[in-house]
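The values are calculated or read from the model by the stated rules, or taken from the named source; none is laboratory data. Note that this is a predicted model, so its numbers are computed, not measured. Cβ sites come from the backbone with ideal geometry, for glycine too, and all protein chains shown count toward neighbours.
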């Protein structure tokens with residue numbers, strides 16, 4: 001899913017996960033729901049990686065997928081919303097046939113979907129699910145990272161519960177350290193596990209600082 005400062009979901013539906021109809025209505029309510037910019041932690045962590053195959057989990061309007069494809073990645077982009085995917089595919093076409101040709105769009109409910117292949121990069125940006133759905137998703141995705149590949153999970157931090165940036169239910173938030181603790185150290189090398197500050201703007205237009213929980217791990221060959 002997209003992020004509040006760029007292309008991610010900064011809305012948290014009451015009770016956590018909602019289905020296709022909810023997200024289609026939300027995307028359909030506006031011409032563009034997100035900024036169209038790639039998520040900043042994706043840019044920070046992935047710019048220097050050698051392009052290969054990538055899975056963009058909760059791809060929204062496609063800013064992350066397009067950014068990856070522009071850098072040579074072959075991207076599978078998955079989202080529950082057909083409205084979002086149609087919009088994302090149009091953005092990819094606008095970026096050029098070579099970019100659009102590197103992206104495969106998949107509509108799926110990520111609470112019960114699993115990849116049928118492995119990827120050299122799996123990016124999970126702001127998929128704010130409650131437990132146990134969140135842990136189950138992370139487990140399925142981790143199992144789909146190629147040897148030597150990278151898992152990048154980013155989410156809104158519990159440290160931001162008192163800010164005006166987000167009004168999520170606490171059960172939708174997680175820490176990078178908590179995600180890292182579930183990864184087998186024999187199989188994974190933790191590259192980053194931290195709450196990372198970044199500037200943002202609250203709904204009233206005030207400049208604030210928010211924290212992104214950033215987990216980046218590399219599967220050992």
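Tabulated values for the structure
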| item | result |
| --- | --- |
| Residue check, residue 170 without any contact (Cβ under 8 Å) to a residue 40 or more places away in the chain, touching a helix residue (DSSP H, G or I) at 6+ places or on another chain (Cβ under 9 Å), within 23 Å of residue 131 (Cα to Cα) and exposed (fewer than 13 other Cβ atoms within 10 Å of the Cβ) | yes |
| Yes/no for residue 205 being touching a residue at least 24 places away in the same chain (Cβ under 8 Å), on the phi > 0 side of the Ramachandran plot and surrounded by fewer than 21 Cβ atoms within 10 Å (Cβ to Cβ) | no |
| Residue count for segment 59-86, restricted to those that are part of a loop (DSSP other than H, G, I, E, B), under 16 Å from residue 42 (Cα atoms) and over 14 Å from the mean Cα position of the chain (by Cα) | 3 |
| Residues (assigned to a helix (DSSP H, G or I) and either more than 19 Å from residue 20 (Cβ to Cβ) or free of Cβ contacts under 8 Å to residues at least 60 places away in the same chain (or both)) located in segment 87-123 | 88, 89, 90, 91, 92, 93, 94, 95, 97, 98, 99, 100 |
| The lone exception for residue 178 - which of (1) part of a strand (DSSP E or B); (2) at pLDDT 95 or above; (3) over 21 Å from residue 56 (Cβ atoms) it fails | (1) |
| Looking only at segment 19-58, and only at residues there that are in a loop (DSSP other than H, G, I, E, B), touching a helix residue (DSSP H, G or I) at 6+ places or on another chain (Cβ under 7 Å) and surrounded by fewer than 17 Cβ atoms within 10 Å (Cβ to Cβ), the one that is modelled with the highest pLDDT | 37 |
| Conditions (1) modelled with pLDDT of 95 or more; (2) under 22 Å from residue 38 (Cα atoms): number failed by residue 201 | (1) |
| Filter result for residue 137 (in contact (Cβ under 8 Å) with a residue 12 or more places away in the chain, assigned to a helix (DSSP H, G or I) and touching a strand residue (DSSP E or B) at 6+ places or on another chain (Cβ under 9 Å)) | yes |
